[in-house]
Amino acid sequence: MNKHLILYSCKRLILFIVCSTSLNGFGQSYTQMVEFADQKMGEGDYYYAISYYQKAMELDSNSVEILWKMAEAQRKYKAYVKAEYYYAKVYAKENGLIYPQSVFWLATMQQYNGKYEASLENWKLTKKVFKKEKKSYEYKKAQQSMVSCLWAIKNVNDTTDFIVKPLPEPVNSKDAELAPVIVNNQLWFTSLKADSITISEEIISKEYSLQIYTADQQDSIFSHVAPLKGAKEKGFNGANGSVSPDGERFYFSRCNASFECKIYVGKIKNGGLTEVDSLGEIVNEAGAITTMPHCTKIDGKEYLFFVSNREKTVGGLDIWYCTVTNGNQYARARNVGRGVNSIDDEISPFYDTINNRLYFSSSWFEGFGGHDIFYCENNEMQFLDAKNLGLPINSAQNDTYFIIDQKQGDFYFSSNRYGVDYAKHATCCNDIFSVHLPIVPPPTRFESLTDLNKKLPVTLYFHNDEPNPKTRDTTTNLTYMESYEAYLALEDKYKKEYSAGLSGDKSEEAKEDIDDFFTQYVEQGIVDLEEFIRLLKIELDKGYAIEVTVKGFASPLAQTDYNVNLTKRRIASLINYLYLFDNGAFVPYLDQTAENGGALTFVQIPFGEYTADGLISDNFNDQKNSVYSRKAALERKIEIQSVSFAKQDTSYAELKFDSQIFDFGEATKGSQLTHTFTFTNTGEQTLIIDRLEVDCACLTYTIDKSEVLPGEVATITLTLDTSNLSGLSVRKVVIFANIENQQKEVTVMTEVK
């Protein structure tokens, strides 16, 4: 358990400023430099340690040991870019054999630096390094971080409209500021500042500690920063406070130099604290760390949330709570539960009494790096389904201590992101940030689909010949969730079959390949689907008629026409899932009976195996490669690829096809294949077709009308020349016209023998 997270990385109690440019007092040897740097590391003085590791490296730059120590010092100093650089050098030299955690921390630092694709690859390597220790923290963290990187890749460009700004001076400074709390017309916060300065023969020593400060606040102007009267005790750090619901008590943490923390409470009087005392052992359990209190009222009862590593903690630091009676009687503490707590540290709880949400920070759930801010809805003190607050509130660095001014509605939080005021390096220290929404007009109809389209494509995977194997039916009674759960249950079988005939590392690598596939693709698909469905429901509830395009794909194991029907069943299973989702919430939209006019329709494009990788085995007797290989599994999927408005604005025409895809089946090389697509202008304006674009010289077209009146029917005839084609081929034509989304496409497919 990392005790340095208790007050969240702003805990450097002693920083030394080096005045001498030589090592006269310590000698010039490499060994002495390293030993002295190691001593400073043990004291938490990473700045000083780095300077002497650097001097040692000038004498021996090839030592993997000194590279490792430098990497560790840079990480603990929160210099993430430099830490990544040195961890990469360590891993390149020893490949995880001497320092197995080198790739673990390399992947972590890449996450902190927003390099999610590179981080994902190194988390895969981490799993391989720790493959024989599957119960280890490193292995479990690698599995979860792969999911987190995939989530970040998909969400890094999806930012909300919140405006995030660091608070001005005199609150934020080149020191560290964190843990804001609103007390009457003041901001109370924690800051790391020097208590004293000692001058010796060679060194100026600054003694730092975390203490609570107050600042007067008038709108966005802050003034008169001063230590909170009555809160400080010599030799202790004081931090992260919270006001009781009645406004009469202030809870906060006190920690000794070893960061053994307890919660204290004092009465608020004349802008300071009196009668400060620690809480009893029912809260401050003996031998445990107890910190980060947050006091609130839920359904008329007073609660104290706090952070602790006490007995029965899920892992690291967990969030706990107890009820408070008469302001001084504390019931037995309860763990908030696994919906919030994980094997990583969960910290800085805050309860939103208006929306009944618990906010907290964690480095475990899907996020952008470091600690992100999450929230869970409260269901009778059950907290489940943690949701990330997203950009720009969260960042690739550490975002903590989120609070809401329940009277004014303003948000505040702490972060060491790029943009903080700093003296040493860009991510060294926390600042306090404020958050507000700009005053903007409501989104237009087109703008309202932006968030939905950012979530696409959503890709969902299937076991071979599922759902409903050995049939040419184009529909199914099964839902995608049923197929998904049955697919997950087959993971061990996939590992067994795909690793058959292999031994040692080769066998383990094959199993890891399958494990990564289920984590990275199958399970991630359902996560993406649930978020897509949530946003889709929001748009439908606005009364919009929405058209969703879904494409289906298959591996090449069965015959082509069979696979086309199979992909139709797969698309049907998604629609069935929506019919049953949330007790039928989508039924009025799917049946187009919703009172608000909202409607949900689907454009289905079943490609079958036509786009499958030609190198994938189609040999039924080689099921290791044709069914259970990662390559084959990646082809068995459907993709939600686009959303658009199905019901056009009256200023547009509408181009409606009976079908937008046609399969010629098998064809002889050199044959000329022809198909006619029929469409209708279902809009209220004349349809004007501007142009058509083909994706291959092998495809030509004729169109009988370029202007189509409302209600009229017209055709587009495509001719496919197979002279220069071989194998499976998919070709398309894009039609540009005065329709609401500017373009539509039609597709033809064939298999040339």
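What strands (runs of 3 or more DSSP E) lie completely within region 199-302 and have 2 or more residues being hydroxyl-bearing (S, T, Y)? Reasoning before the result, please.
Details: elements: 203-218, 221-227, 237-243, 249-255, 261-269, 272-278, 290-298.
Result: 203-218, 249-255, 272-278, 290-298.
If you check T519, T567, T479, T474 for being polar (S, T, N, Q), touching a residue at least 60 places away in the same chain (Cβ under 8 Å) and touching a strand residue (DSSP E or B) at 6+ places or on another chain (Cβ under 7 Å), only one passes: T567.
Within region 516-543, take every residue that is basic (K, R) and either closer than 17 Å to V147 by Cβ or part of a helix (DSSP H, G or I) (or both) and give me the one that is modelled with the lowest pLDDT. It comes out as R534.
Of all the listed residues (I546, I571, I605), the sole one being under 31 Å from the mean Cα position of the chain (by Cα), outside the structural domain of G665 (by TED's automatic domain parsing) and assigned to a helix (DSSP H, G or I) is I571.
Here region 306-331 is the region considered, the condition is being over 14 Å from D345 (Cβ atoms), surrounded by fewer than 22 Cβ atoms within 10 Å (Cβ to Cβ) and among the hydrophobic types (A, V, I, L, M, F, W, C), and the residue that is nearest to the chain's Cα centre (by Cα) is C322. Out of the residues in region 146-163 meeting the condition of being crowded, with 20+ Cβ neighbours inside 10 Å and of a type in the set (A, V, I, L, M, F, W, C), tell me which one is farthest from the chain's Cα centre (by Cα). Out of the qualifying residues, it is M146. None of D372, D352 is touching a residue at least 12 places away in the same chain (Cβ under 8 Å), touching a strand residue (DSSP E or B) at 6+ places or on another chain (Cβ under 6 Å), in the same structural domain as N284 (by TED's automatic domain parsing) and surrounded by 24 or more Cβ atoms within 10 Å (Cβ to Cβ) except D372. Every test in (1) under 39 Å from the mean Cα position of the chain (by Cα); (2) touching a residue at least 60 places away in the same chain (Cβ under 8 Å); (3) surrounded by fewer than 17 Cβ atoms within 10 Å (Cβ to Cβ) is passed by G727 save one, and that test is (1).
Of the residues Y99, Y116, Y86, Y112, the single one that is free of Cβ contacts under 8 Å to residues at least 24 places away in the same chain, crowded, with 18+ Cβ neighbours inside 10 Å and touching a helix residue (DSSP H, G or I) at 6+ places or on another chain (Cβ under 7 Å) is Y86.
Determine which member of the set T471, T476 is in contact with a Lys or Arg (Cβ under 6 Å, 6 or more places away or on another chain), closer than 30 Å to Q641 by Cβ and not in a helix (DSSP H, G or I). Reasoning before the result, please.
Numbers: T471 fails: in contact with a Lys or Arg (Cβ under 6 Å, 6 or more places away or on another chain).
When all the criteria are applied, what remains is T476.
Checking each residue in region 689-706 for being surrounded by 13 or more Cβ atoms within 10 Å (Cβ to Cβ) and out of contact with any Ser or Thr (no Cβ under 6 Å at 6 or more places or on another chain) picks out L692, V694, D695, C696, C698, L699, Y701, I703, K705, S706.
If only residues of region 120-145 that are of a type in the set (S, T, Y) and without any contact (Cβ under 8 Å) to a residue 40 or more places away in the chain are counted, the one that is surrounded by the fewest Cβ atoms within 10 Å (Cβ to Cβ) is S136.
Checked against (1) surrounded by 17 or more Cβ atoms within 10 Å (Cβ to Cβ); (2) part of a helix (DSSP H, G or I), K496 meets all criteria but (1).
Quick grid of which residues meet (1) β-branched (V, I, T); (2) crowded, with 20+ Cβ neighbours inside 10 Å; (3) in contact with a helix residue (DSSP H, G or I) (Cβ under 8 Å, 6 or more places away or on another chain):
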| site | (1), (2), (3) |
| --- | --- |
| S507 | no, no, no |
| F517 | no, yes, yes |
| L535 | no, no, yes |
| D541 | no, no, no |
| A545 | no, no, no |
| Y562 | no, no, no |
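Only one residue in R254, R249 is closer than 22 Å to E346 by Cβ and in contact with a Gly (Cβ under 7 Å, 6 or more places away or on another chain), so which one is that? Give the derivation first.
Values: R249 fails: closer than 22 Å to E346 by Cβ.
It is R254.
None of V713, V730 is among the β-branched types (V, I, T), modelled with pLDDT under 90 and either in contact with a Phe, Trp or Tyr (Cβ under 9 Å, 6 or more places away or on another chain) or assigned by TED's automatic domain parsing to the domain that holds T676 (or both) except V730. Within region 259-274, restricting attention to residues that are modelled with pLDDT under 95 and charged (D, E, K, R), the residue that is surrounded by the fewest Cβ atoms within 10 Å (Cβ to Cβ) is K269.
The values are calculated or read from the model by the stated rules, or taken from the named source; none is laboratory data. Worth saying up front: this structure is predicted, and the values here are computed from it rather than measured. We place every Cβ from the backbone using ideal geometry, glycine too, and count neighbours over all the protein chains shown.
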